[in-house]
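Taking it in order: structure first as structure tokens, then the write-up.
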Amino acid sequence: MDDIYTGRSIVTPSDEHVLLNALGGRLVGRDLIDKTTNDKFGDSIDAALANDLLPLRVLLNVRSGDGTPPPKLRGAVGPDGATYNLLPGGEPEMGKPSVRFSERDGMTYAEASARSLKELKSLLGRSLEKAGVPVATLEESIRTTLTPAPRMKTDLSVGEDGLRAVAKMAANLLALSSRDVFDESGFDALRSYVLRGDGASNLIRFNTRPVDILSNGQAMGALDHLIVVRRHTNGDVCALVAIYSHMQWLVRLGNSKRPVARRSYRIDQLRGVGRRDSPLDARVRVPMFSRFAGDSRGRVFHEQEVAMRRLMTKVMKIQKENFERRIIRQAMQEVIGDWSKLTHDNVRAVSRAIGERYVKYAVDFGLLKPELQPDWGLRIKS
């Protein structure tokens, strides 16, 4: 069996995810590519797309296909130039600790910013040791101030390597379903693009006429991923790839004289549910690639911005709802343990705990001050 991208014999078979594991994909092909090819993709274009879309995963706190939670998002920038991290669910933390010493009235003062008391002890330990001050006194003398989250800005972009990964996902689905077709020479240009990035403008474009993939009862969730592959009457085999419903690309996989049945793969990443080759998804329209040849760069960028703003509006709404549910669940656990113990006698105590916790979190993270909410810069490279 040959590797579908390099054409060389497969020495070590490797599970290739049709849709990225980081995006919740669980459908794999065992005999599509060699391990060396898979490792190369994993360290380059797959990693690029996963990193490009990490802000969305973190805000939504969604797991990968193998159940792994998202890593923290590093490098969000505050107004003072300081960097912050966002934890899964969107809670902020400072990017790195800092300490400043000053002398006043014959006394030495330390002003430190840390994410925990343990980190603070580690930060000040050597300085206190040199001064002959036991670290234990730190807990006695420390005065803690919680600082609301500042405005933070991070870019949400899909770069050239990420686009190659988008094209590869569509190619994987075709190869898994109709390998004999994908092995034809009419798909060599797509193979070259995935491997080396050649000929992007003729193979992948942002869909400036977005398709509603959630209509007509087709939806599984609010922000689904979907790949649909079909062959048009002129022989062009094209795919629509939708990421979180709103980010949509058209991929021209190649040309074949042989019939190709419609194939699809959909993932509801929020719930970790997927389906393959659904008759409902077969109804989703895959526009002809040639229809987009005359689109100006201005139109492309405009439609990208519109799509991204719609997506972020939905993401932030879901993130807020998740945040509120987490507050309710934590307050309930503190007071009564679980919902089965809720009674008329303790419902007021639970309600009070929920209100107090919500106000505390709202103050700590600046949610009561709109000017302190995170600010997201949005852009897509094409």
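FYI, it's all coordinate maths here, none of it is from the lab. Since this is a predicted model, take the numbers as computed values, not measurements. For neighbour counting, all protein chains shown are included, and Cβ atoms are generated from backbone atoms with ideal geometry for every residue, glycine included.
Could you tell me which trypsin sites (Lys or Arg not before Pro) in segment 173-265 are loop residues by DSSP with no more than 13 other beta carbons within 10 angstrom of their beta carbon?
Taking segment 173-265 and a limit of 13 other Cβ atoms within 10 Å, the loop trypsin sites (Lys or Arg not before Pro) found are Lys257.
Return the whole-Å distance between the Cα centroid of segment 263-283 and the Cα centroid of segment 1-25.
Comparing the Cα centres of segment 263-283 and segment 1-25, I get a distance of 20 Å.
Would you calculate the volume per residue, in Å³, of the smallest convex hull containing every Cα atom of segment 1-88?
91 Å³
Along the charge dipole of segment 260-345, pointing to its positive end and built from +1/-1 on Cβ of Lys, Arg, Asp and Glu, which listed residue (Thr343, Ala293, Asn322) has its Cα farthest out?
Of the options given, the answer is Ala293.
I need the calculated FRET efficiency for the pair Asp105 and Arg271, taking r as the beta carbon distance and R₀ as 56 Å, to the nearest 0.05.
The formula returns an efficiency of 0.40 here.
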